[in-house]
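Here is the structure we will look at.
The values are calculated or read from the model by the stated rules, or taken from the named source; none is laboratory data. Since we're looking at a predicted model, the values are computed, not measured. As a convention, Cβ positions derive from the backbone with ideal geometry for all residues, glycine included, and neighbour counts pool all protein chains shown. Accessible surface areas use protein heavy atoms only, side chains included; no ligands, DNA or RNA. Shrake-Rupley method; radii C 1.70, N 1.55, O 1.52, S 1.80 Å.
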Amino acid sequence: MEKGKMIATRDGFGDEIVEVGKENKDIYVVDVDIGKSCKTAKFMKALPEQYVNVGIAEQNGAALSAGLATTGKIPFVVTYAVFGSLRMCEMIRQEMCYTNLNVKIACSHGGVTPANDGASHQAIEDLGVLRTIPNITVIQPADYVSARKLVRAAAETYGPMYLRFTRDAVPVIYDEDQEFTIGKAVRLRDGKDVAIIAIGDTVRLALDAARELESKGISARVLDMHTLKPLDNEAVDACINDIGKIITVEDHNIINGLGSAVCERTAEAGKGKVVRIGIQDCFGQSAPYERLLAVNGITVENIVEKAMKGF
Amino acid sequence: MNEKVSMLKEKAKELRKTALTMIFEAQSGHPGGSLSSADIVTALYFSEMHVDPKNPQWPDRDRFVLSKGHVCPIQYAALGSLGFFPEEVLHTLRQEGSMLQGHPSMLKCPGIDISTGSLGQGASCAVGMALAGKRDHKDYRVFTLLGDGEMDEGIVWEAMMSANRYRLDNFVMIVDNNGLQLDGPCDQIMPHIDLSAKAAAFGFEVYDIDGHDMQQILDAFDKIRAAKNGKPKFINAKTVKGKGVDFMENQVSWHGTAPNAEQYADAIAQIDRS
């Protein structure tokens with residue numbers, strides 16, 4: 001996949017899960033009648049013996065997946081992020097995390113990407129709610145290439161995980177040979193004046209902002225914090241110690257997501273300042289995706305402005 | 001009465017006493033449901049299920065999911081008697097550091113196939129285990145025990161639909177139908193109208209039994225074992241909450257209350273005399 005091509009991270013999930021499923025017969029997909037949107041149709045066709053569809057029953061899909069995992073299966077239970085995090089939340093807590101079972105919750109439509117569907121379908125609390133649960137790993141890839149690599153890493157790494165993908169096409173930012181390690185941020189650019197730490201689809205905004213800042217004589221470090229939990233404390237500490245000015249960017253409520261996680265680390269360090277960019281603790285509405293980002297200040301312009309005047 | 005039935009009845013008395021002793025020593029726990037499910041749990045562990053106390057993770061074992069996790073003292077009593085852990089562990093219920101948590105934990109206690117405690121979810125987990133068994137062409141079966149109050153939970157009915165959809169005749173759902181839930185009689189809190197008819201309508205093969213008649217329990221298991229017909233199985237076991245201790249029987253107040261020393265001595269004496 002060449003850099004710059006526009007393709008959604010959910011397609012990365014849908015393409016890679018078929019490959020890992022062919023290699024490992026224990027990989028299962030558990031759908032809740034939303035597989036077409038979440039890109040599991042290829043898996044369903046190619047690997048019917050590893051495929052389950054429980055209908056519109058998220059709670060059963062989640063707990064049933066935990067039961068599958070007790071026998072050595074590696075189920076990926078699939079739905080939209082808002083339902084996968086909240087409707088399934090207690091089953092994730094009780095039957096996947098308390099039990100430390102090898103289940104992956106793989107969700108498309110994270111953040112405000114289900115834009116025209118309205119607030120009922122926009123997931124703005126998922127990362128925060130789930131990172132509060134012990135044992136879970138929380139991941140959101142930034143592009144198609146990293147989505148594929150992180151799906152494979154998730155399949156090969158034991159433990160409950162939440163994988164957040166999105167609806168809309170975003171540019172490929174990584175080379176095919178880029179390596180990813182769960183829990184290790186990728187430093188996409190280095191800089192000395194400001195650090196921009198982003199997750200998911202907003203990584204592309206951080207990169208664009210860094211380029212614009214460069215033209216204004218400001219050098220920005222950009223981190224792709226694809227793993228929200230466990231947070232790459234080493235990478236955050238380096239931003240605190242090397243630069244001290246950090247901007248976080250996420251398509252998620254500013255409460256309890258990436259910004260909060262970075263603030264927790266920074267506050268305990270006793271130095272450094274953080275400016276959070278994200279959903280302004282409000283519900284969305286039916287509107288174009290880019291508009292929903294804009295009204296919350298999740299834009300290249302706002303990142304640039306905060307970098308120049310926010311500290 | 002045949003020898004097996006009388007052996008199981010004696011074992012059920014032993015498990016009832018062990019469960020009450022655990023709850024008395026802990027001064028915490030759920031005696032009512034432990035006693036109402038005692039005969040079913042005894043029949044499962046000492047007659048019907050294939051499990052190996054020396055190899056709790058044996059892949060081909062039958063599974064038991066105690067979806068009504070709060071009555072775990074009766075399951076712990078069975079596991080301890082079978083040797084899944086040393087019997088002295090039975091004196092540590094609900095103590096800090098114990099493998100015998102207030103609700104069953106699969107990571108702490110050998111023989112627990114999945115952690116439960118949040119009602120309804122165990123049934124759904126059990127369907128997942130049964131589905132895996134079918135896909136892997138294994139012969140093991142999965143038994144899950146629920147309370148009738150637990151049938152209020154929506155996820156139970158989701159689980160039942162999926163057991164039918166995937167033709168899980170290796171899945172056996174047993175309802176300890178004692179008629180009482182925490183806040184009062186089920187008929188007043190949330191009527192289930194006719195659980196057996198509902199289960200049949202959900203595609204289950206239904207067995208209505210007296211959950212304290214050991215012969216009836218064994219007969220139902222015999223029929224179910226033979227019925228490899230693509231249909232999941234449902235046992236509606238009519239039971240008495242607090243069965244075997246007169247002052248606990250049919251009393252909502254004994255749902256989650258530990259006996260004092262006098263009550264405990266009386267209860268043990270009653271079970272011994274029975």
Would it be correct to say that residue A:70 is at the interface with another protein chain (Cβ under 7 Å from one of its Cβ atoms), buried (at least 17 other Cβ atoms within 10 Å of the Cβ) and of a type in the set (Ser, Thr, Tyr)? yes
Within segment B:125-142, considering residues that are assigned to a helix (DSSP H, G or I) and either more than 7 Å from chain A (Cβ to nearest Cβ) or aromatic (Phe, Trp, Tyr) (or both), the one most open to solvent (accessible area, probe 1.4 Å): B:134
Would you be able to tell me the number of residues in segment B:223-252 that are open to solvent by 20 Å² or more (accessible area, probe 1.4 Å) and closer than 18 Å to residue B:165 by Cβ? 3
Residue that is farthest from the other protein chains (Cβ to nearest Cβ), among those in segment A:96-105 that are touching a Ser or Thr at 6+ places or on another chain (Cβ under 8 Å) and crowded, with 24+ Cβ neighbours inside 10 Å: A:105
Taking segment B:80-96 as the region of interest, how many residues are touching a Pro at 6+ places or on another chain (Cβ under 7 Å) and over 16 Å from residue B:21 (Cα atoms)? 4
Does residue A:219 satisfy the condition of being modelled with pLDDT of 95 or more, within 23 Å of residue A:300 (Cβ to Cβ), polar (S, T, N, Q) and in contact with a Lys or Arg (Cβ under 7 Å, 6 or more places away or on another chain)? yes
Considering only residues that are surrounded by fewer than 24 Cβ atoms within 10 Å (Cβ to Cβ) and part of a strand (DSSP E or B), look in segment A:48-59 and name the one that is nearest to the other protein chains (Cβ to nearest Cβ). A:53
Mind listing whichever residues of segment B:111-124 are within 19 Å of residue B:19 (Cβ to Cβ) and surrounded by fewer than 24 Cβ atoms within 10 Å (Cβ to Cβ)? B:117
With the requirement that a residue be open to solvent by 50 Å² or more (accessible area, probe 1.4 Å), under 20 Å from the mean Cα position of the chain (by Cα) and among the basic types (Lys, Arg), what does segment A:4-35 give you? A:5
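Name the helices (runs of 4 or more DSSP H) wholly within segment B:30-110 that hold at least 3 residues that are crowded, with 20+ Cβ neighbours inside 10 Å and within 14 Å of another protein chain (Cβ to nearest Cβ)?
Filter on segment B:30-110 gives an empty set.
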Inside segment B:152-222, counting only helices (runs of 4 or more DSSP H) that do not spill past its ends, which hold 2 or more residues that are more than 14 Å from chain A (Cβ to nearest Cβ), at pLDDT 95 or above and surrounded by 17 or more Cβ atoms within 10 Å (Cβ to Cβ)? B:195-201
Condition first: within 13 Å of another protein chain (Cβ to nearest Cβ), out of contact with any Leu (no Cβ under 7 Å at 6 or more places or on another chain) and on the phi < 0 side of the Ramachandran plot. Can you find one or more residues in segment A:106-129 that meet it? no
Residue A:258 vs. criteria farther than 14 Å from residue A:199 by Cα, buried (at least 18 other Cβ atoms within 10 Å of the Cβ) and in contact (Cβ under 8 Å) with a residue 60 or more places away in the chain: no
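For every residue, the table says whether it meets (1) closer than 21 Å to residue A:186 by Cβ; (2) over 19 Å from the mean Cα position of the chain (by Cα); (3) open to solvent by less than 10 Å² (accessible area, probe 1.4 Å).
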| residue | (1), (2), (3) |
| --- | --- |
| A:217 | no, yes, no |
| A:233 | yes, no, no |
| A:237 | yes, yes, no |
| A:242 | yes, yes, no |
| A:262 | yes, no, yes |
| A:285 | no, yes, no |
| A:290 | no, no, no |
| A:298 | yes, no, yes |
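Could we say that residue A:138 is of a type in the set (Val, Ile, Thr), closer than 23 Å to residue A:182 by Cα, in contact with a Lys or Arg (Cβ under 6 Å, 6 or more places away or on another chain) and more than 13 Å from chain B (Cβ to nearest Cβ) here?
yes
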Here is a check on your reading of the model: is residue B:122 within 18 Å of residue B:237 (Cβ to Cβ), within 10 Å of chain A (Cβ to nearest Cβ) and touching a strand residue (DSSP E or B) at 6+ places or on another chain (Cβ under 7 Å)? yes
Is it the case that some residue within segment A:137-150 is open to solvent by 50 Å² or more (accessible area, probe 1.4 Å), out of contact with any strand residue (DSSP E or B) (no Cβ under 6 Å at 6 or more places or on another chain) and within 26 Å of residue A:5 (Cα to Cα)? yes
Find all pairs meeting these conditions: Cβ atoms under 6 angstrom apart; at least six residues apart or on different chains; first residue within segment A:157-175 and more than 17 Å from residue A:16 (Cα to Cα); second residue open to solvent by 10 Å² or more (accessible area, probe 1.4 Å) and among the aromatic types (Phe, Trp, Tyr). A:168/A:289
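Residues checked against (1) within 9 Å of chain B (Cβ to nearest Cβ); (2) in a strand (DSSP E or B); (3) open to solvent by 10 Å² or more (accessible area, probe 1.4 Å); (4) under 29 Å from residue B:109 (Cβ atoms):
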position: A:44; (1), (2), (3), (4): no, no, yes, no
position: A:61; (1), (2), (3), (4): yes, no, no, yes
position: A:78; (1), (2), (3), (4): no, yes, no, no
position: A:84; (1), (2), (3), (4): no, no, no, no
position: A:90; (1), (2), (3), (4): yes, no, yes, yes
position: A:94; (1), (2), (3), (4): yes, no, yes, yes
